Amino acid sequence: MKSLRDIVIALIPITLITYMIIWDFGNIKYLQYLFQEAISNPSNWIDIWKFVLLQLLTLFNIVAPVVYFSSQNPAIKRKAYSLIRFVFVISFVFTLPAIYAQFRYLDNSPDGNSLLLVLRYLIMIFTAVVLWISKPADQVPFISLENYEMVSYTTRGHRFLHYFVDLLFITTISYNWYQYPRRYYSAGYDAVIINSLVSWANILVYYFLSEIMFRQTLGKMLTNSCVVASHGNMGGLRVVGRAFARLIPFDALSFLWNGDWHDKASGTAVVYTYSWEDIVFEGEEIDQA
């Protein structure tokens, strides 16, 4: 499995670079259009910002595999793989609308570009499956704090970093989810309401999938933090409750005064990975001996 895992990791930058060589002229034209229209349409600056974030994500998907293969430090290698695996699998889930549309509207006699795009999506599916199956040795387990005496809770500064990084990542990977609701604009539906609903759906899906599959979001991975149960089992229902608790007004800012509303509402906590431990007193060790 390790050799297959290394193959798909190598495929990530190879397919991206190939895609850029073949189709990147379209991105350049799109960026030129955004800048030309930005003066008359200020909302285009938002699209420019999203475009920049998408290019940074592409850069990560090229550089991270290079770090993984070139590093001789086992800790750096493990970290690089964990980040590659998380970013690719979660990004793949948010690309599913585009993949579905491509296969659904594929012509009976597709041209070369369409076939290349289908091939790229097939490689993405294969890569995502292999990465998901090939779990790292240090993957965070489901933990309940009631089984441990000591734990180190994540600081407020790091929790702010989690929110900031995750917001940028959601903005970057959720582009495809905004394309399909646009068909309802001309039908009299309010675009602001539709976009707000899609945004909240993206947030709920991202946090649920990240914390049920990895026990971490991207921001938490960067600070070596994870989600645990404060009591009881850390199961799927608790993760669902934690995701929906983020709909509480001003929840995103509640960490500033140690409110952590979505933690308390779902019976969860954010702690540093593997900081939990039992307290064993010297007398207990003697008794056990």
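A short reminder: the numbers here are calculations on the coordinates, not readings from a lab. Here the structure is a predicted model, which means the values were calculated and not measured. Note: ideal-geometry Cβ built from the backbone for every residue, glycine included; neighbour counts use all protein chains shown.
From the backbone phi of the stretch 131-148, what are the Karplus-calculated ³J(HN,Hα) couplings (6.51 cos²θ - 1.76 cosθ + 1.60, θ = phi - 60°) in whole Hz, Gly and Pro given as x?
With the stated coefficients, the stretch 131-148 comes to 5, 5, 5, 7, 6, x, 5, 9, 4, 5, x, 6, 10, 10, 5, 5, 8, 9 Hz.
List the pairs from K2/K220; K50/K77; K2/K50; K50/K220 whose alpha-carbon separation is above 31 Å, in the order I gave them.
K2/K50
Could you order peptides 60-71, 128-139, 224-235 by the average number of other Cβ atoms within 10 Å of their residues, highest first?
Packing order, densest peptide first, comes out as 224-235, 60-71, 128-139.
Going by amide H atoms built from the backbone, whose H comes under 5 Å of the H on F214, apart from near neighbours?
Residues meeting the criterion, in which the H sits 1.01 Å from N, do not exist here.
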